[in-house]
Structures are given as C-alpha cells and as structure tokens.
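Participant: Quick one: structure below, then a few questions.
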Ligand SMILES: *Cc1c(COP(=O)(O)O)cnc(C)c1O
C-alpha cells in the first residue's frame, strides 16, 4: 500500500476521528435541544452557497477533517432542533444514526445472501413485523428499498406484471392508474416512467378534506375503459403529503376487489400509525391492499433512506422483475427472500434493516408508538390553537402531524401576505416551516417531525408570524 491509502485506512486515525465526531454531534444535539438562539436554518441562496464551497474546495486538502464536519454542520438545516417543522424527514434517533456509520463501514451489499448474511434475515424480520401490525396475515411479505419514490415505482411495476404479464413483450395495451389528485407527485412520475403518459394517470378529485372522492371511482373507470384503457392499479394515499389527509381505504379496497384491480396503499408518511392503538383506525382497509409503502425515514425515526414495501401475497413480490442474472442467482422464479436483489430495484443496497432492528431491540416498538402518538396529538392540538386565534385559519382540521394554516387580515391579499410570511420565516431562520398551495390558495404548512417539539414552540411560532405580519419584526 502506498502511504495515502495507509493513512486513509489507519485504524488509529479512524478511532480518533470517530471519537471527535461523536463529541461534535453530541454537542450539536445538546445545542439543538436547549439553545433558544440557534437558527434552525442558516439560509443563504444557492449561488452564494456554491461560491463558498467552490472556494473551500480550491484551497486544497485539509489535515483537519473535524473542521470540515463542523463547517458543514453549521451551514446545514438543523432537524434536531424542536423548531424544525418543515418537510417530512425524520429527526433521526441518534442510535439509528450511529447504525448508519456502522453499516457503511461493513457495507455488505445485500443483493445476494452471501453479501447480506445478517441484513437479509433482519430485513425479513422487520418487514414481517410491520406487515403484522398493518393487519396482514402470514402470506404477506416485505422488502426494504431506497425511498418511497422508488418503492411506489416498484409496486406499480409489480401491479403491471401481475395484471398484464408485461416483461418479455412490451405493452400493447393502453395502461392506466387511478389516483387522487392530492397524491404524491412520485406516483405521477412512476406512471410516466412506465410509459402511461398523462392520459394514463387518472386523477380522481378530492373532497373538502382533500380525500379521494371514492364515490367517483366507478364513473372514472367506466370513462377510461370506454377510451380503451386498462386500469391496472388504484392508489390510496395514507396520508396525502400536502394536507395529511387519509383516503378511505375500505372504499378503495371494495372497488379494487370488485374490478380485480391492484390496490396500492401509499403510506410513506402515515402508514406508521400501524404501531399506534390510538391512530390505527386511520388505515382501516390497508390490510386489504395488494401492496403498501411505509417510509421508516419519515414517521419511524430512522435516517434516510429506509422504506418498506409490503405485499399481501409473498409470491407476487417475485413477479416484479423477471430477468435472469446468472452471476447472482441461478433461478429467478424461485422465491428466495434471502437474495434481496431479486425483488428490489437496487442491486447493491445499504444494510438498512440494521437501523430498524437496532431500534426495535433497544427501545421496543413502543418507541414508534410513543412518537406517532405524540406528534399526531400535537398536530391536533395545534389545530385547536389556530382555531382559537382570530389572526389565523386552518385549511382543514388536521388528522395527523401535518397542519396547513394561514394568516388572515381583512382587506389584504392573503396569498401574497402568506407567501411573504413564509419567505421572511425562511430568511430569519428561527423556525423552519414550508408552504403549500391548496385550491389556488397559499397556506403555511408544518410537519411536526421532531419529537422534542412542544406546544410552546407552536405558540411561539404563531406569535412570531403575527409580530412580523404587523411589522414588528
Ligand atoms: C414522502 C412521500 C413519498 C416519497 O417518498 P420518498 O421517501 O421521499 O421518496 C411518497 N408518497 C407520500 C405519500 C409521501 O409522503
């Protein structure tokens, strides 16, 4: 080995850097939890940020990687701060983050059993547990994959394979999927990737609670059939991304069973209620879906990306990809759960099951229950606080930890004022919230992802927005 490689692989350097890094991160956690003056987001525009890093890069190599870690930390968004209330990404449990470093160093690739002697069995155990909590029977099975977007695409590919047999031959039929107009954009993207085009994505309108109007499914199916489309899948959102609305999965299941259409439930965010006695009722009917997606990196405390894709029928999960890969396995048609790559888009895949298994073994599934209950209860509480405040109004009564609301003022252009309030919040950095557009109206939006967020933070947020709106900030 030449000397650079020797240095890069030195166990002693690793030991020292590792201890220093843990100290840096532990200090960061402590500051995020206690330092009231910490900015959640140190916002600068993209060009400025690029210039900064370009200059840094041009300075050449450093012998102090800790200074670099520290700099990146300072300039990043702080999800561990309770005033982080933005996008639906977990503030990961620190133990699960440690597991990420651990699995990165081991780097067992998982595609075949020999490259995942532990991670393949752990994947089976954690997905079996999730399937059981959703309410599936022992014929169900699951896998982990890199994100809800990829998992939804994979499920639609399975739906197509099962419904049409498309694989050796390309599709000669015009295929379509039915989905609520509030579904995550990745469903639309997946359908287009699969060649369905915009006509093949049949968007079902939503009601005033932003749930799919399931009473329209029959009519839309008939119209599609008359136009020569074969509908292969109907997708229910549990919940939708913008407003956190849960579709009526029982009604969708009835419809799908009647017409023998694949029923896919997108529970990327809200499928986590499978671990909550208080909120499980929201996913009633999910156990009748042919496939279900749940992100562990949203509502289950795990760092990105870790997504479960559960199938009601084990054997169907092997129909998605039918090609042979002689150097990996000899027989594609056998149901070998332990060769991960047979059922996943990825070939090489992170040992993501370790993160979930470690959390379950250390804290029990009750840690998921506690988290879901706390954040969902807080969402509802925030709804009540907004309702009681004449300066604000809700877009809808929150069903979960996603809350859409806006500032209201007589005689003002509300879209303009709320967009301004969000921009000001971003620039200021004390809170991180986002915005969304619902039926042409601009709303402020929070996802209460951080388990340390308390009612007081939400009261402070409204007060801060109110002060700015009145020109006092
Ligand atoms: C976040 C989300 C997705 C996308 O998942 P990623 O893990 O971000 O790829 C899909 N569907 C819903 C309902 C979501 O909330």
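Laboratory data are not the source of any read-out in this text; all were calculated from the coordinates shown. Remember, it's a predicted structure, so these values are computed and weren't measured experimentally. We place every Cβ from the backbone using ideal geometry, glycine too, and count neighbours over all the protein chains shown.
Participant: Using 0.36 nm per residue of separation minus the Cα-Cα distance, give me the extension gain between residue 284 and residue 198 in nm, one decimal.
Facilitator: Details: separation 86, 0.36 × 86 = 30.96 nm, distance 3.04 nm.
The span from residue 284 to residue 198 would gain 27.9 nm if fully extended.
Participant: So between residue 114 and residue 331, what do we pick up on full extension, going 0.36 nm a residue minus the alpha carbon distance? Intermediate results must be reported in sequence, preceding the final value.
Facilitator: Details: separation 217, 0.36 × 217 = 78.12 nm, distance 1.61 nm.
Taking 0.36 nm per residue and subtracting the Cα distance, the gain is 76.5 nm.
Participant: Also, quick follow-up: What span do the alpha-carbon atoms of the chain cover on each of the three principal axes, reported in whole Å from largest to smallest?
Facilitator: Extents along the principal axes, in whole Å: 73, 59, 43.
Participant: Still on this model: If each of residue 54 and residue 70 carries a label point 7 Å out from its Cα toward its Cβ, how far apart are those two points in nm?
Facilitator: 2.7
Participant: Just the projected area, averaged over all directions, of the convex hull on the alpha carbon atoms of the range 413-473: how many nm²?
Facilitator: Details: hull surface 17.8 nm².
The number I arrive at for the range 413-473 is 4.5 nm².
Participant: Per Stokes-Einstein, at 10 °C and 1.306 mPa s, what whole-number D in µm² s⁻¹ belongs to the range 333-450, with the Kirkwood radius over Cα pairs as the hydrodynamic radius?
Facilitator: After rounding, the answer is 90 µm²/s.
Participant: For the range 133-275, state what percent of all Cα-Cα pairs lands in each successive 5 Å bin, counting from 0 Å until the bin that includes the largest distance.
Facilitator: Distribution as computed: 2, 10, 20, 24, 22, 14, 7, 2, 0 percent.
Participant: Next question, about the same structure. Taking the Cβ of each residue in 302, 22, 201, 385 as the centre, tally the other Cβ atoms inside 10 Å and list the residues starting with the fewest. Write out the running numbers ahead of the final one.
Facilitator: On the way: 302 25, 22 13, 201 20, 385 17.
If I rank by nearby Cβ atoms, fewest first, I get 22, 385, 201, 302.
Participant: If you average 1/r over all unlike Cα pairs in the range 98-201 and invert the result, what Kirkwood radius do you get in angstrom?
Facilitator: On the way: mean 1/r = 0.0612 Å⁻¹.
Computed over the range 98-201, the radius equals 16.3 Å.
Participant: OK, next. Neighbour counts of other C-beta atoms within 10 Å: give me 281, 259 arranged from fewest to most. Working shown, then result.
Facilitator: Details: 281 10, 259 13.
The most exposed by this proxy come first: 281, 259.
Participant: Given labels modelled 7 Å from the Cα in the Cβ direction, how far is it in nm from residue 455 to residue 437?
Facilitator: 3.6
Participant: While we're looking at this one, here's another question. Pulled fully out, how much extra length does the chain show between residue 226 and residue 394, if you take 0.36 nm times their separation in residues and subtract their Cα-Cα distance?
Facilitator: Values: separation 168, 0.36 × 168 = 60.48 nm, distance 4.02 nm.
Residue separation times 0.36 nm, minus the Cα-Cα distance, leaves 56.5 nm.
Participant: State the volume of the convex hull built on the alpha-carbon positions of the range 188-259, expressed per residue in Å³ and rounded to an integer. It would help to have the intermediate numbers written out before the result.
Facilitator: Numbers: hull volume 6.8 nm³, N = 72.
Value for the range 188-259: 94 Å³ per residue.
Participant: What order do you get for 290, 71, 266 when you list them from fewest to most C-beta neighbours inside 10 Å?
Facilitator: On the way: 290 23, 71 13, 266 31.
Ordered from fewest to most neighbouring Cβ atoms within 10 Å, 290, 71, 266 come out as 71, 290, 266.
Participant: Still on this structure, please answer the following. Modelling each spin label as a point 7 Å along the Cα-to-Cβ direction, I'd like the residue 36/residue 419 distance in nm, to one decimal.
Facilitator: That separation, rounded to one decimal, is 3.5 nm.
Participant: Let me ask something else about it. Can you give the calculated 222 nm mean residue ellipticity of the chain, where each DSSP H run of n ≥ 4 adds -39,500 (n - 2.57) and the sum is split over every residue, rounded to the nearest 500 deg cm²/dmol?
Facilitator: Numbers: 15 runs with 196 residues, N = 473.
The per-residue figure over the chain is -13000 deg cm²/dmol.
Participant: Still on this structure, I have one more. Semi-axes of the equivalent ellipsoid for the range 270-423, please: Cα gyration tensor eigenvalues, times 5, square-rooted, ordered largest first, whole Å. Kindly include the intermediate steps, with their values, before the conclusion.
Facilitator: Values: eigenvalues 346, 71, 46 Å².
Equivalent-ellipsoid dimensions as semi-axes: 42, 19, 15 Å.
Participant: Rule-of-thumb check for the range 367-419: C-alpha Rg over 2.2 N^0.38 Å? Don't skip to the end; give the middle numbers.
Facilitator: Values: Rg = 13.5 Å, N = 53, 2.2 N^0.38 = 9.9 Å.
Normalised Cα radius of gyration, the range 367-419: 1.35.
Participant: By the gyration tensor of its Cα atoms, with a ≥ b ≥ c the square roots of the eigenvalues, what is the shape of the range 147-231: rounded for a/c under 1.5, prolate for a/b over b/c, or oblate?
Facilitator: On the way: a/c = 2.30, a/b = 1.29, b/c = 1.78.
Here the range 147-231 falls in the oblate category.
Participant: Quick check: from the Cα gyration tensor, does the range 1-125 come out rounded (a/c under 1.5), prolate or oblate?
Facilitator: Details: a/c = 1.86, a/b = 1.21, b/c = 1.54.
Since a/c reaches 1.5 but b/c is at least a/b, the shape of the range 1-125 is classed as oblate.
Participant: Sticking with this one: Looking at the range 302-391, what % of the alpha carbon pairs are farther apart than 17 Å? Don't jump to the answer; show the numbers that get you there.
Facilitator: Details: 2672 of 4005 pairs.
It works out to 67 percent of all Cα pairs.
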